[in-house]
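Chemist: Below are the structure tokens for one structure; questions will follow.
The values are calculated or read from the model by the stated rules, or taken from the named source; none is laboratory data. It should be emphasised that the depicted structure is a prediction, and the values quoted were computed from it without experimental measurement. Note that each Cβ is placed from the backbone with ideal geometry, even for glycine, and that neighbours are counted across all protein chains shown. Surface accessibility is based on the protein's heavy atoms, side chains included, excluding ligands, DNA and RNA. Shrake-Rupley method; radii C 1.70, N 1.55, O 1.52, S 1.80 Å.
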Amino acid sequence: MSELTATIFNIQKFSLHDGPGIRSVVFFKGCPLRCFWCANPESQNRMPEMMWDNQLKKETIVGEKKTVAEVLQEVRKDQVFYEESGGGVTLSGGEVLLHAQFATELLKQLKQCDIHTAIETTGFADEKAFQQVTNYVDLCYFDIKHHNEEEHKKGVAASLAPILKNLTYALQTNMEVIVRIPIIPQFNDTLEDAKQFAQLFSSLGVKNVELLPFHQFGEKKYEYLNREYKMKDIPQLHAEDLLEHRKIFEEIGCVVK
Ligand code: SF4
């Protein structure tokens, strides 16, 4: 099983933002969604690809095939820091569920090493793959981009229905689930949107919510990939812009970050 491979585009060490404690974050390449605001466009295609910096006249190849054993060996180097800080390993993307078999095997081996596991996911996958992977997950950051099926399809080129099915399942397990909403101008940023999200979350029993204000950190990458960036010149949002949104989720009993 450890001969399974996946395309990984980064293993970030000493992360403090992707779960509790000090963590290593493994970024898988390949995503079934096409969010028009995506800050990691280099994560979307499953295969390795080239980024070209025209100013530095320098190319970088993004993505490298790795086996489960190679990834495990790399992240275990920091096991002592996970143990001291209450941290662990987070699988992110792209979309980790596109690599369900690989991720399941990696997570299983991490649990055998007594390492805390987290995933960051869009939830867009068939139910079997989702259930198989999350069997070995302690904490799931579950993204929801829109509350309405048609708007969801327009914004990310994929249906909301399978995502909600998997979210419903996730909330019935013992896994800790934190639902994240990226708040995107002219897509899902109104207070009416927040009320619709809150209504949906209330019906599903969502307890923990994180609001992620839109940012421009990905802009340069579109240039390096020679792709069009649809969010050029759209102002970033900040935590203080979302105080009213926050109240709407708190009113239905959610803990909001
Ligand atoms: S789900 Fe994430 S990685 Fe995939 S396209 Fe959307 S923002 Fe990008």
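Chemist: May I ask you to derive the FRET efficiency for residue 149 and residue 173 from their Cβ-Cβ distance with R0 = 35 Å, giving the value to the nearest 0.05?
Modeler: 0.90
Chemist: Rolling a 1.4 Å sphere over the protein heavy atoms, what is the accessible area per residue of region 5-256, to the nearest Å²?
Modeler: Using a 1.4 Å probe on heavy atoms only, each residue of region 5-256 averages 48 Å².
Chemist: Something else about it: Placing unit charges on C-beta atoms (Lys and Arg positive, Asp and Glu negative, everything else neutral), compute the dipole magnitude of the chain about its Cα centre in debye, rounded to 20.
Modeler: With only Lys, Arg, Asp and Glu charged at Cβ, the dipole is about 420 debye.
Chemist: If you add up the charges near residue 125, with Lys and Arg at +1 and Asp and Glu at -1, over every other residue whose beta carbon is less than 11 angstrom from its beta carbon, what do you get?
Modeler: -1
Chemist: Next up: Whose amide H sits under 5 Å from the amide H of residue 177, counting only residues 5 or more places off or on another chain, with H placed in the peptide plane?
Modeler: Under 5 Å from the amide H of residue 177: 140.
Chemist: Could you please report the charge total around residue 98, scoring K, R as +1 and D, E as -1 over all other residues with beta-carbon less than 12 angstrom from its beta-carbon?
Modeler: Taking every other residue near residue 98 into account, the sum is 0.
Chemist: Another question, if that's okay. Run the reach check for residue 195 against aspartates and glutamates, Cα to Cα strictly under 13 Å, same-chain hits fewer than 8 apart removed. What comes back?
Modeler: Leaving aside aspartates and glutamates fewer than 8 places away in the same chain, those within reach of residue 195 are 244, 250, 251.
Chemist: So which lysines pass the test for residue 66, namely a Cα distance under 29 Å, with those fewer than 8 places away in the same chain ruled out?
Modeler: Once the sequence-local lysines are set aside, what remains near residue 66 is 13, 29, 57, 58, 77, 108, 111, 128, 220, 221.
Chemist: For region 5-256, report the translational diffusion coefficient in µm²/s to the nearest whole number, using Stokes-Einstein at 4 °C, 1.567 mPa s, and a Kirkwood Rh over Cα pairs.
Modeler: D, rounded to a whole number, is 69 µm²/s.
Chemist: Using 0.36 nm per residue, how much length does the chain from residue 238 to residue 34 gain when fully extended, once their Cα-Cα distance is taken away?
Modeler: So the extension gain works out to 71.1 nm.
Chemist: What relative contact order, as a whole-number percentage, does the chain give when Cα pairs under 8 Å and 6 or more residues apart are counted?
Modeler: Value for the chain: 18 percent.
Chemist: Taking a label point 7 Å from the Cα of residue 161 along the Cα→Cβ vector, which residues of region 100-142 have an amide N closer than 20 Å to it?
Modeler: Once the point is set 7 Å along Cα→Cβ of residue 161, 122-131 turn out to lie under 20 Å by backbone N, inside region 100-142.
Chemist: Moving to a separate point now. So how far apart, in nm, are the two label points at residue 3 and residue 135 if each is 7 Å from Cα heading toward Cβ?
Modeler: Spacing of the two 7 Å Cα→Cβ label points: 2.2 nm.
Chemist: Search the structure for amide H atoms under 5 Å from the amide H of residue 91, placed 1.01 Å from N in the peptide plane, and list their residues when 5 or more places away or on another chain.
Modeler: 26, 118, 119, 120
Chemist: May I pose another question? What are the ³J(HN,Hα) values, in whole Hz, obtained from phi via the Karplus relation 6.51 cos²θ - 1.76 cosθ + 1.60 with θ = phi - 60°, for each residue of region 128-145 in sequence order, with x given for Gly and Pro?
Modeler: 5, 4, 4, 5, 4, 5, 6, 3, 10, 10, 8, 9, 10, 8, 10, 7, 10, 9
Chemist: OK, next. Given the peptides 98-104, 47-53, 87-93, arrange them by the average over their residues of other C-beta atoms within 10 Å, most packed first.
Modeler: Peptide ranking by packing, descending: 87-93, 98-104, 47-53.
Chemist: Before anything else, pin down the relative contact order of region 96-138: Cα pairs under 8 Å, at least 6 apart, normalised by residue count, whole percent.
Modeler: It rounds to 55 percent for region 96-138.
Chemist: Could you run the Karplus curve 6.51 cos²θ - 1.76 cosθ + 1.60 with θ = phi - 60° over region 176-181 and give me ³J(HN,Hα) per residue in whole Hz, x for Gly and Pro?
Modeler: Per-residue couplings from phi come out as 6, 10, 10, 8, 10, 10 Hz.
Chemist: Suppose only helical runs count, i.e. DSSP H with n ≥ 4. What mean residue ellipticity at 222 nm does that imply for the chain under -39500 (n - 2.57) per run, divided by all residues and rounded to the nearest 500 deg cm²/dmol?
Modeler: That comes out to -10000 deg cm²/dmol.
Chemist: Heavy atoms only, probe 1.4 Å: what % of the accessible area of the chain goes to carbon and sulfur, would you let me know?
Modeler: The computed percentage sits at 50.
Chemist: Here's another thing I want to ask about it. Give, as a single signed number, the net charge of other residues whose beta carbon lies under 15 Å from the beta carbon of residue 181, with Lys and Arg counted +1 and Asp and Glu -1.
Modeler: Summing Lys/Arg as +1 and Asp/Glu as -1 gives -3.
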